[in-house]
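These notes are about the structure you will find just below.
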Amino acid sequence: MKIIGTGSILPKKIVTNDEISEIVETSDEWIRERTGILERRIAVDETTTSMAVEAGRKALENGRIAPESIDLLIVSTFTPDRSMPNTACAVQGELGCRCAVAFEMNAACSGFLFALNTAFAYFSLGMYKRALIIGAETVSKTIDWTDRSSCILFGDGAGAAVVEADKEMPYIFVQHSDGEKGDVLTCDCHREDNRWSLAGNRKEKVWMDGQEVFKFAVRKVPECIEEVLTAAKISSDEIDWFLLHQANQRIIRSVAKRLCVDEKRFPVNLAHYGNTSAASIPILLDEWNQSGQLKRGNKIVLSGFGAGLTWGAAMMTF
Ligand code: COA
């Protein structure tokens with residue numbers, strides 16, 4: 001499988017750490033030191049769907065790909081605008097990918113990676129040949145803006161990649177989930193209670209045990225990257241770029257250290273966007289591609305991790 005186009009979009013509104021410290025008791029210094037985040041983008045006029053459409057459009061343009069040639073369209077999000085129809089169908093309608101089957105996937109911050117893996121599985125069966133994979137989120141609408149331990153972390157945006165089946169281009173992946181640990185990072189669905197049910201103790205905003213999530217990430221991410229490198233029979237020295245989910249600079253630094261890989265090979269853009277969940281990997285991929293730092297023939301590792309718990313890694317040649 002190979003990537004033949006990338007695209008991304010971010011909301012216009014920038015919210016700095018200083019602005020956040022006007023809402024909750026925190027400071028720019030605390031947020032920078034603990035997370036590496038300086039600012040994030042917050043959707044005001046944009047929606048998950050509008051950003052998914054725009055990122056998808058840019059990825060098609062980048063690869064000079066006709067929308068009708070897409071036969072699989074997956075949008076990964078945990079913040080859709082509607083429960084139905086699914087976001088991918090809305091994107092299909094807007095972009096004219098009329099030959100595609102379109103559906104949504106939710107694996108939180110691992111979502112883009114899991115969607116890529118799904119496309120690869122379909123390609124391997126010979127069912128589809130060209131897929132548009134999008135990660136799009138408006139996390140801001142699920143944030144508890146009174147909770148200083150979580151509201152500082154997230155941002156909105158969308159990223160996309162067009163991938164194509166290619167037997168000459170190996171794609172190797174591992175993916176995992178652990179539902180027993182699901183309670184450390186949650187966001188309940190909004191629900192109007194019906195006349196027979198009682199409103200329960202629901203957490204309709206993002207809720208997180210930050211330390212547990214941190215411990216999970218620094219343990220599982222290096223583990224699954226090593227697993228994928230072993231499966232691919234390749235050493236970490238041969239990998240040009242490690243494109244990780246952008247949650248926290250300290251997590252990325254710790255992963256690099258555990259793998260004994262120079263941090264410079266871990267591109268980072270979380271300083272400006274925060275954690276955009278399923279959108280973070282494709283936004284980073286697109287920025288690295290557009291800036292010319294990611295070159296054809298580069299070997300890359302993608303790794304996502306997040307609520308579920310879910311995590312995984314994939315290795316491919318760009
Ligand atoms: N500003 C100032 N102080 C804050 C704060 C904030 N925004 N958030 C928490 N604190 C306080 C806590 O209340 C605590 O105070 P106390 O010691 O008086 O009780 C203190 O800072 C330390 O809290 P702690 O939770 O131990 O901080 P931490 O070093 O673990 O950092 C996170 C907190 C959330 C930044 C960190 O745990 C983290 O990044 N976890 C991973 C989260 C993540 O990436 N989630 C998404 C994964 S997909």
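Among the candidates Ser291, Ser280, Ser303, Ser235, the residue that is free of Cβ contacts under 8 Å to residues at least 12 places away in the same chain, under 27 Å from Ile9 (Cα atoms) and not aliphatic (A, V, I, L, M) is uniquely Ser291. Contact annotation: residue pairs with Cβ atoms under 6 Å, 6 or more positions apart or on different chains, pairing a residue in the range 61-82 that is in contact (Cβ under 8 Å) with a residue 12 or more places away in the chain with a partner that is polar (S, T, N, Q) and in a loop (DSSP other than H, G, I, E, B), are Phe78/Asn106; Asp81/Thr47. Here Gly7 clears all of (1) within 16 Å of the ligand (Cβ to nearest atom); (2) part of a strand (DSSP E or B) except the condition numbered (1). Restricting the first member to the range 1-24 and to residues that are among the charged types (D, E, K, R), and the second to residues that are buried (at least 16 other Cβ atoms within 10 Å of the Cβ) and part of a strand (DSSP E or B), the beta-carbon pairs closer than 7 Å and six or more apart or on different chains are Lys2/Val163; Lys2/Glu164; Lys13/Arg41; Lys13/Ile42. For the range 230-252, a residue qualifies if it is assigned to a helix (DSSP H, G or I) and out of contact with any helix residue (DSSP H, G or I) (no Cβ under 6 Å at 6 or more places or on another chain), and the qualifying residues are Thr230, Ala231, Ala232, Asp237, Glu238, Gln249, Arg250, Ile252.
Within the range 253-280, restricting attention to residues that are within 16 Å of the ligand (Cβ to nearest atom) and not in a helix (DSSP H, G or I), the residue that is nearest to Thr230 (Cα to Cα) is Phe266. Just one of the listed residues (Ala165, Ala247) is surrounded by 14 or more Cβ atoms within 10 Å (Cβ to Cβ), more than 20 Å from the chain's Cα centre (by Cα) and modelled with pLDDT of 95 or more, namely Ala165. If you go through the range 137-165 and keep only what is touching a Leu at 6+ places or on another chain (Cβ under 8 Å) and over 13 Å from Tyr273 (Cα atoms), you end up with Ala160, Ala161, Val162, Val163. Of the residues making up the range 120-132, at least one is part of a loop (DSSP other than H, G, I, E, B) and among the aromatic types (Phe, Trp, Tyr). Taking (1) more than 9 Å from the ligand (Cβ to nearest atom); (2) touching a Phe, Trp or Tyr at 6+ places or on another chain (Cβ under 7 Å) in turn, Ala217 satisfies each apart from (1). Only residues that are farther than 17 Å from Cys224 by Cα and in a loop (DSSP other than H, G, I, E, B) were counted in the range 159-191, giving 11.
Residues that are in contact with a Pro (Cβ under 6 Å, 6 or more places away or on another chain) and of a type outside the set (A, V, I, L, M, F, W, C) within the range 9-44 comprise just one, Arg41. For the range 281-318, a residue qualifies if it is more than 12 Å from Ala161 (Cβ to Cβ) and in a loop (DSSP other than H, G, I, E, B), and the qualifying residues are Ser291, Gly292, Gln293, Lys295, Arg296, Gly297, Asn298, Ala307, Gly308, Leu309. Report yes if Asn275 is within 16 Å of Arg34 (Cα to Cα) and without any contact (Cβ under 8 Å) to a residue 24 or more places away in the chain, otherwise no. No: the conditions fail for Asn275.
Criterion applied to Glu61, Glu29, Glu68, Glu39 was being surrounded by fewer than 19 Cβ atoms within 10 Å (Cβ to Cβ), within 16 Å of the ligand (Cβ to nearest atom) and not aliphatic (A, V, I, L, M), and the one residue passing it is Glu29.
Candidates are the residues of the range 131-151 that are aliphatic (A, V, I, L, M) and touching a Gly at 6+ places or on another chain (Cβ under 8 Å); the one that is farthest from the ligand (Cβ to nearest atom) is Leu132.
The values are calculated or read from the model by the stated rules, or taken from the named source; none is laboratory data. Computed from a predicted structure; not experimentally measured. Note: ideal-geometry Cβ built from the backbone for every residue, glycine included; neighbour counts use all protein chains shown.
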